[in-house]
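Here's the structure we're looking at; comments come further down.
The values are calculated or read from the model by the stated rules, or taken from the named source; none is laboratory data. As the structure is a prediction and not an experimental result, all values here were calculated from the model. Counting neighbours? That spans all protein chains shown, and the Cβs are built from the backbone with ideal geometry, glycine included.
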Amino acid sequence: MGKVAKEQREVIWTTSARNELDDIVTYIAKDAPLAALAFLEEVLNTAVSLTTLSERGRIVSEYQNRY
């Protein structure tokens with residue numbers, strides 16, 4: 001069986017989302033730098049996976065009518 005090509009989507013990071021993620025990672029890093037890096041990696045990997053598995057995420061209400 002052949003693989004079915006799936007449409008890739010774009011993950012849009014708002015400025016506030018990027019700032020909040022940075023704040024969270026900075027806060028965690030104060031006590032646990034390695035845990036902060038692991039957390040950041042997990043968040044970024046999950047975001048990247050949404051490009052092909054986008055149906056599992058939710059539509060943010062502010063963007064509901066845009067897509």
Checked the range 30-40 for anything in a helix (DSSP H, G or I) and either more than 10 Å from the chain's Cα centre (by Cα) or of a type in the set (Phe, Trp, Tyr) (or both); matches are 30, 31, 33, 34, 35, 36, 37, 38, 39
Could you tell me how many of the residues in the range 46-67 are closer than 19 Å to residue 16 by Cα and either at pLDDT 95 or above or part of a helix (DSSP H, G or I) (or both)? 6
Among the residues of the range 7-29, is any more than 24 Å from residue 62 (Cβ to Cβ), in a helix (DSSP H, G or I), modelled with pLDDT of 90 or more and among the aliphatic types (A, V, I, L, M)? yes
